[in-house]
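Data block below; observations after.
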């Protein structure tokens with residue numbers, strides 16, 4: 001339920017295309033104008049994360065679609081859940097002029113009584129949807145057929161009325177590269193657009209398979225050829241073979257073949273000499289999968305060869321900015337592919353050719369556009385259905401709220417002048433605010449102490465406000481100490497700070513991005529509170545005692561509307577004080593290294609709680625030499641928590657504990673020491689806990705020979721008795 005109390009919106013932008021991904025509840029807090037800001041040309045809306053839409057939310061949604069209809073040429077909806085398909089069916093103009101590309105359909109299996117939600121692509125089932133039917137699906141659990149658990153006539157009423165969505169190649173490319181979304185799960189028949197002017201422009205949309213008419217394309221081409229591969233889908237082996245033969249045929253006929261928007265799968269299969277028209281084919285730009293080091297998003301990013309030629313020639317993929325958060329993104333490419341990219345010729349694809357391609361695309365778009373009459377009819381329908389949509393929204397409000405729904409609707413749509421909210425100070429912990437209060441969070445070294453000032457401006461009560469302020473103070477202490485250690489130890493900075501810096505930034509960015517919406521902030525704030533408590537525990541262990549605020553001050557405020565108190569909240573200020581000598585001692589203890597057999601260890605740092613929650617003790621592997629006996633077992637950046645049954649805390653004690661465990665194991669003839677550790681998985685943004693065993697060959701027991709008792713009585717010359725009695729043996 002907590003997740004349903006907010007709506008998160010992720011915006012993905014590339015040139016004239018904007019995608020919005022909604023996650024949460026669409027209700028009265030849905031700000032249509034703010035969310036629609038910046039949209040233009042093509043809008044893609046991913047609705048898969050929408051858990052609920054309220055009656056008030058429907059009203060705001062219709063306002064959003066009204067703006068989108070005016071600003072955008074095309075609107076596409078993807079991954080629509082059943083609850084929103086119901087709204088498309090019931091509320092007129094709910095989708096504006098948009099088209100649904102895919103939707104989740106509720107299925108049920110009678111054999112195993114399993115309910116399922118299946119993602120269906122409209123392009124794959126368009127003909128059956130027009131007949132208000134969709135096929136049964138095999139149940140993932142038992143393999144028997146499961147059926148649509150809705151009345152097809154009702155559930156498919158809107159979908160059956162829309163035209164077949166046919167996105168432009170740029171949209172298909174955007175969906176594939178930026179959202180990792182494919183318009184159809186089935187093989188897409190290749191569509192080819194051709195334009196002859198100062199050069200021959202050929203555009204491919206669909207999959208490259210055995211039906212690819214490579215011979216026909218090669219016939220009659222000459223001069224300069226521009227091949228646009230932005231819309232190219234899967235490349236099958238038979239299609240790749242035909243492509244190679246086509247390029248061989250074109251080699252003596254053409255001057256240059258420019259390849260634009262080359263997808264990653266093309267590079268993997270066809271970046272070979274025989275597929276490049278004898279060296280006449282030049283790649284203008286291509287796509288590689290990149291992962292952002294800040295937001296951990298993986299996407300395909302465009303790499304222009306002219307712009308990055310000097311980097312590519314060294315078999316290195318360029319570092320690119322993440323289009324979502326502007327962080328650094330690095331390519332996920334194999335060395336073999338990078339070696340091939342290093343051999344690419346510089347295409348010298350000038351501005352005149354860029355303009356030529358843009359002109360051709362515009363002409364192709366105009367040729368494929370609808371007739372003016374159909375556009376006018378669509379606009380007239382949109383106006384009429386908008387009025388109907390407003391009426392249905394009011395009906396839904398009445399249905400949702402009951403008999404009083406109409407009066408509630410009147411109140412929210414016609415705000416009274418007396419509804420002004422008045423905020424007033426009601427009380428304070430003391431009459432005169434103390435001089436030490438700081439409006440901003442600060443860390444100051446003064447009079448032999450480290451002073452930390454923090455505040456919480458909207459607390460539920462004074463106690464929770466002090467606790468939250470102390471948590472933020474601990475975070476400032478983490479930053480202060482982390483900076484001190486990082487200034488002197490580059491390896492510590494790279495390993496330890498590298499572990500917690502990004503998880504911390506991600507969570508704080510989420511918190512700040514929610515503005516003043518308290519409901520949306522609450523879940524994230526609770527998570528931050530848990531982390532702050534973990535940090536406090538880690539500091540208590542490092543410092544030797546619990547850390548509390550030195551001074552506190554609070555003020556109570558009330559918000560009144562129409563003489564009724566709507567809300568009470570507190571502003572809380574604190575000051576924490578630490579002797580600088582104690583802080584320096586903590587820094588020394590937390591940064592002290594110990595090398596054991598080529599493995600360098602350092603103590604667990606409290607800031608790591610941003611990544612490793614519920615952890616207060618441990619040793620961090622800073623570095624590992626190749627010859628270390630631990631090299632095959634442990635890795636740098638891993639946090640060792642237990643050695644056998646012993647908790648690990650101080651690096652200097654690891655060697656002593658290790659030898660003690662080893663000796664105990666040999667005594668018990670169990671020559672294996674379990675080592676528990678944790679590590680961070682950045683691609684999934686989670687911490688994992690595992691255990692490994694350090695093993696060695698147990699020493700063999702010594703062979704003991706016991707002397708038997710002697711009964712020898714021989715005293716004659718020469719020795720003929722028991723060998724054990726022979727003094728020479």
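None of the figures in this text is laboratory data; all of them are computed from the coordinates on show. Note that the structure is predicted; figures quoted are calculated from it, not measured. Virtual Cβ from ideal backbone geometry, glycine too; neighbours counted across all protein chains shown.
Miscellaneous remarks
- Helical content alone sets the calculated 222 nm signal of the chain at -10500 deg cm²/dmol, taking -39,500 (n - 2.57) per DSSP H segment of four or more residues and averaging over every residue.
- Length available on full extension from residue 191 to residue 211: 0.36 nm per residue minus the Cα-Cα distance, which gives 6.1 nm.
- Note on 690, 532: ascending count of other Cβ atoms within 10 Å places them as 690, 532, the fewest first.
- Rounded to 5, percent antiparallel among DSSP beta bridges of the stretch 1-74: 40
- Of all DSSP beta bridges confined to the chain, the antiparallel ones make up roughly 75%.
- Mean separation of Cα contacts under 8 Å, 6 or more apart, over the residue count of the stretch 423-584: relative contact order %: 41
- Cα shape, the stretch 592-695, gyration tensor, a/c 1.5 rule: prolate
- Matching label, Kirkwood radius over Cα pairs in Å computed from the structure shown, candidates (i) 26.8; (ii) 27.7; (iii) 32.0: (iii)
- Protection proxy ranking, peptides 196-209, 132-145, average beta carbon neighbours within 10 Å, highest first: 196-209, 132-145
- Centre separation in Å (Cα based) which lies between the stretch 56-112 and the stretch 591-630: 51
- Cα shape, the stretch 431-536, gyration tensor, a/c 1.5 rule: oblate
- Using C-alpha pairs under 8 Å with a sequence gap of at least 6, the mean separation divided by the residue count of the stretch 2-169 gives a relative contact order of 16 percent.
- One chain, two ends: residue 435 and residue 234. Fully extended at 0.36 nm per residue, the span grows by 65.5 nm beyond their Cα-Cα distance.
- Each peptide in 219-230, 89-100 was scored by the mean count of other Cβ atoms within 10 Å over its residues; highest first, the order is 89-100, 219-230.
- Gyration tensor verdict on the stretch 128-173 (Cα atoms; rounded if a/c is under 1.5, prolate if a/b is larger than b/c, oblate otherwise): oblate
- Full extension of the chain between residue 74 and residue 119 gives 14.0 nm of extra length, using 0.36 nm per residue less the Cα-Cα distance.
- Ordering of 101-108, 162-169 by packing [mean C-beta count within 10 Å, highest first]: 101-108, 162-169
- Computed E for residue 558/residue 9 - FRET, C-beta separation, R0 41 angstrom, nearest 0.05: 0.80
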